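Everything below concerns the one structure shown next.
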Amino acid sequence: MNRLDTTLERLRQQQRSGLVCYFTAGDPDYAASLELLGGMAAAGTDIIELGMPFSDPVADGPSIQAAHLRALAGGQTVARTIELVRALRERDARTPVVLMGYFNPVMQYGEARFLQDAHEAGVDALILVDLPLEHDAPFRTAATAVGIHLIRMTAPTSDDARLAKLLAAASGFVYHVALNGTTGAASSEANTIVAAIERVRRHTALPVAAGFGIRTAAQVAELAGRVDLIVVGSRLVEVLQQGGVAAALAEIRLLAQAL
């Protein structure tokens with residue numbers, strides 16, 4: 001089992017929801033990003049979700065789009081993102097890292113090279129939001145061969161037929177997009193999220209994460225114990241931009257206390 005599998009099993013045994021925290025690699029700069037990543041586990045993060053900067057992050061709202069642009073302006077690349085994970089592993093060998101992003105930078109880097117370098121650096125899973133089910137089989141097979149999970153995503157618009165197809169070959173966990181729209185576009189209502197995840201669970205035994213629209217400790221508290229993983233992204237990116245690393249880690253501690 002990789003770090004993600006080990007963490008998910010630990011959360012299952014503890015019968016608690018896990019906290020997944022998203023930041024964009026290299027935002028506001030490489031050094032601050034490494035400092036932040038190195039403190040996330042102690043602050044209460046169970047799984048690190050690390051965005052790979054891209055010039056056209058169409059699934060992301062204004063806050064994360066701005067983070068991508070800041071990182072790119074600072075020289076963050078796919079190679080430096082992989083190096084950032086490698087540097088993190090010198091400080092934290094346990095916390096799972098899920099890279100989240102878009103397929104174009106991966107293709108430009110070289111798919112086989114990317115997977116091998118990511119694996120060697122200590123990446124545990126990938127979320128590629130624009131790589132559809134109908135075209136992901138070769139990449140999924142290659143990722144599996146090096147021990148990296150390719151996480152499948154579901155949405156409120158996914159009907160049962162689509163869910164059955166999406167989740168037949170899913171691994172790691174399932175990322176359920178809790179609202180229609182971009183990241184940070186609105187807040188999600190707990191009962192609606194739980195009902196949607198129950199429908200997803202009819203098609204898989206994997207843990208299910210709820211993401212998009214979860215911003216506050218109060219929302220985390222409402223979902224705690226009702227969903228497997230709770231993802232917070234846009235709010236944390238905003239706190240980092242406004243208050244720096246210390247403020248972002250303090251915000252993570254508040255969210256973790258709500259579990």
*Being in contact with a helix residue (DSSP H, G or I) (Cβ under 7 Å, 6 or more places away or on another chain), over 21 Å from T45 (Cβ atoms), surrounded by 22 or more Cβ atoms within 10 Å (Cβ to Cβ) and not acidic (D, E) narrows it down to one of L99, L115, so name that one.*
L115
*asked:* Kindly evaluate G75 against the criterion of being on the phi > 0 side of the Ramachandran plot and at pLDDT 95 or above.
replied: yes
*Whichever residue in region 54-75 is of a type in the set (S, T, N, Q) and out of contact with any Leu (no Cβ under 8 Å at 6 or more places or on another chain) and, among such residues, is farthest from R215 (Cα to Cα)*: Q65
_Against the conditions (1) buried (at least 19 other Cβ atoms within 10 Å of the Cβ); (2) part of a helix (DSSP H, G or I), where does R10 fall short? Just the number, please._
(1)
*asked:* Pairs needed: first member in region 239-253, under 16 Å from D29 (Cα atoms); second member anywhere, among the basic types (K, R); C-beta distance under 9 Å; at least 6 residues apart or different chains.
replied: Q241/R70
*So is S33 part of a helix (DSSP H, G or I), touching a residue at least 60 places away in the same chain (Cβ under 8 Å) and among the polar types (S, T, N, Q) or not?*
no
*Do any strands (runs of 3 or more DSSP E) lying entirely in region 84-162 carry at least 3 residues that are modelled with pLDDT under 95, and which ones are they?*
none
_Scan of region 41-82 for residues that are within 13 Å of the chain's Cα centre (by Cα) and farther than 14 Å from T24 by Cβ, ordered by number_ = T45, D46, I47
*Taking L259 and the conditions (1) assigned to a helix (DSSP H, G or I); (2) in contact with a helix residue (DSSP H, G or I) (Cβ under 7 Å, 6 or more places away or on another chain); (3) farther than 22 Å from A59 by Cβ; (4) not β-branched (V, I, T), which numbered condition does it fall short on, given that it satisfies the others?*
(1)
*Can you work out which of the residues in region 163-208 that are modelled with pLDDT under 95 and of a type in the set (S, T, N, Q) is surrounded by the most Cβ atoms within 10 Å (Cβ to Cβ)?*
T183
*Check region 119-138 and report whether any residue there is surrounded by fewer than 22 Cβ atoms within 10 Å (Cβ to Cβ), more than 26 Å from A210 (Cβ to Cβ) and either in contact (Cβ under 8 Å) with a residue 40 or more places away in the chain or in contact with a Leu (Cβ under 6 Å, 6 or more places away or on another chain) (or both).*
no
*Counting only residues that are surrounded by 17 or more Cβ atoms within 10 Å (Cβ to Cβ) and assigned to a loop (DSSP other than H, G, I, E, B), which one in region 225-250 is farthest from the chain's Cα centre (by Cα)?*
V227
*Which pairs have Cβ atoms under 8 Å, sit 6 or more apart or on different chains, and link a residue in region 86-106 that is closer than 13 Å to G39 by Cα to one that is assigned to a helix (DSSP H, G or I) and small (G, A, S)?*
L88/G38; R89/A121; R91/G38; D92/G38; D92/A41; R94/A41; T95/A41
*asked:* Suppose the filter is at positive phi and not acidic (D, E); does G110 pass it?
replied: yes
*Right, D27: acidic (D, E), out of contact with any Asp or Glu (no Cβ under 9 Å at 6 or more places or on another chain), over 16 Å from V123 (Cα atoms) and in contact (Cβ under 8 Å) with a residue 12 or more places away in the chain or not?*
yes
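The values are calculated or read from the model by the stated rules, or taken from the named source; none is laboratory data. Everything quoted here is computed from the prediction, not taken from an experiment. A quick note on method: Cβ atoms are made from the backbone with ideal geometry, for glycine too, and the neighbour counts reach across all protein chains shown.
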